[in-house]
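The values are calculated or read from the model by the stated rules, or taken from the named source; none is laboratory data. Values in this document were obtained by computation on a predicted structure and should not be read as measured data. Note that each Cβ is placed from the backbone with ideal geometry, even for glycine, and that neighbours are counted across all protein chains shown.
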Amino acid sequence: MKKKTFFLHIPKTAGSTLRAVFKRNYGDAFELIPGNDPVDGLTKAKESNSWKRKELIWLHGDWESCNGADVLTMLREPIARMESFYYYVKSQPDHYLHKFCAENDAIRFFEEAETLETHNGQCRILAGYGGYHGMNAGRNDEVRGQELLNVARKNLFEQTIAFGLQSRFVDSLMVFEKKLNWQRGIKFNTVNKRASSYKTSSLNKKELDCVKRLNALDIELYEEAEEQFQEQFDKVKSTFRIMKYKLTGR
């Protein structure tokens, strides 16, 4: 049986747009594992009659759920990701954190909301220690600091077959196409963008300082990822016609 590829989704990294790209390329061979209970969702998907036909699995979960599969992922600059997450929750009445967000200021939200997403969430997901939607306690939660960063770094740079950066979305698609041997050109619309009433860097200095403190490991990892991605991109860019990618929408 052909080895499957898992896309390990990190929240607020252009997921809705990227998911549409995957669906277009894989059709019925694409499988989306819901984020409310990824472990149970993955188990049920594997038990289904259609599992053997699936090629790319979109997983809302963490590294531990990937279980030896080929892994892709997409990162986002940590401060921008947390700002986007905060305003997304604030604008979505049905979100499980909306009530807490609406009743408290941003600093208390980042520090005390019942989620690990605001506390080095990218490192947690990549290390297999939680950090995704609705997970309030991490796997191996005694792991802290440098060890968490080291595990995330090893998985991202040594164990993935490729990773992308939201800030270089088209370049990331080029890398993914090369690794996955996509045969179709890519067209996409940007979707699920943050409400226009919220502008970049709309958090004040104290709020930004809080985000930086709570996500210091994510920031360090991302700075390394920018350098590593450039090296990854340089290896494949000469094999593509940049103009085959068409961005539609704004």
Selection within region 54-77 - without any contact (Cβ under 8 Å) to a residue 12 or more places away in the chain and in contact with a helix residue (DSSP H, G or I) (Cβ under 8 Å, 6 or more places away or on another chain): none
Please go through region 33-73 and give me each residue that is more than 18 Å from the chain's Cα centre (by Cα) and closer than 14 Å to G128 by Cβ, ordered by number. G68
Please go through region 71-120 and pick out each residue that is among the acidic types (D, E), closer than 30 Å to M174 by Cβ and not in a helix (DSSP H, G or I). E77, E117
Among the residues of region 213-250, count how many are modelled with pLDDT under 65 and either in a helix (DSSP H, G or I) or touching a Ser or Thr at 6+ places or on another chain (Cβ under 9 Å) (or both). 7
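Residue by residue, here is whether (1) over 20 Å from R124 (Cβ atoms); (2) part of a loop (DSSP other than H, G, I, E, B) holds:
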residue: L18; (1), (2): yes, no
residue: F22; (1), (2): yes, no
residue: G27; (1), (2): yes, no
residue: L32; (1), (2): yes, no
residue: G35; (1), (2): no, yes
residue: V39; (1), (2): no, no
residue: T43; (1), (2): yes, no
residue: N49; (1), (2): yes, yes
residue: E64; (1), (2): no, no
Pairs only if they're at least six apart or on different chains, beta carbon under 9 angstrom, first in region 93-117 and within 22 Å of L217 (Cβ to Cβ), second hydrophobic (A, V, I, L, M, F, W, C) and surrounded by fewer than 14 Cβ atoms within 10 Å (Cβ to Cβ); list them, first residue then second. L116/A137
Given (1) in contact with a Ser or Thr (Cβ under 8 Å, 6 or more places away or on another chain); (2) surrounded by 14 or more Cβ atoms within 10 Å (Cβ to Cβ); (3) modelled with pLDDT under 95, identify the lone condition not met by W51. (1)
Condition check for L208: outside any loop (DSSP other than H, G, I, E, B), farther than 24 Å from L8 by Cβ, of a type outside the set (D, E, K, R) and modelled with pLDDT of 90 or more: yes
Out of the residues in region 1-16 meeting the condition of being within 17 Å of the chain's Cα centre (by Cα) and in a loop (DSSP other than H, G, I, E, B), tell me which one is modelled with the lowest pLDDT. A14
Of all residues being of a type in the set (D, E) and farther than 30 Å from F229 by Cα in region 74-114, which is farthest from the chain's Cα centre (by Cα)? Just the residue, please. E103
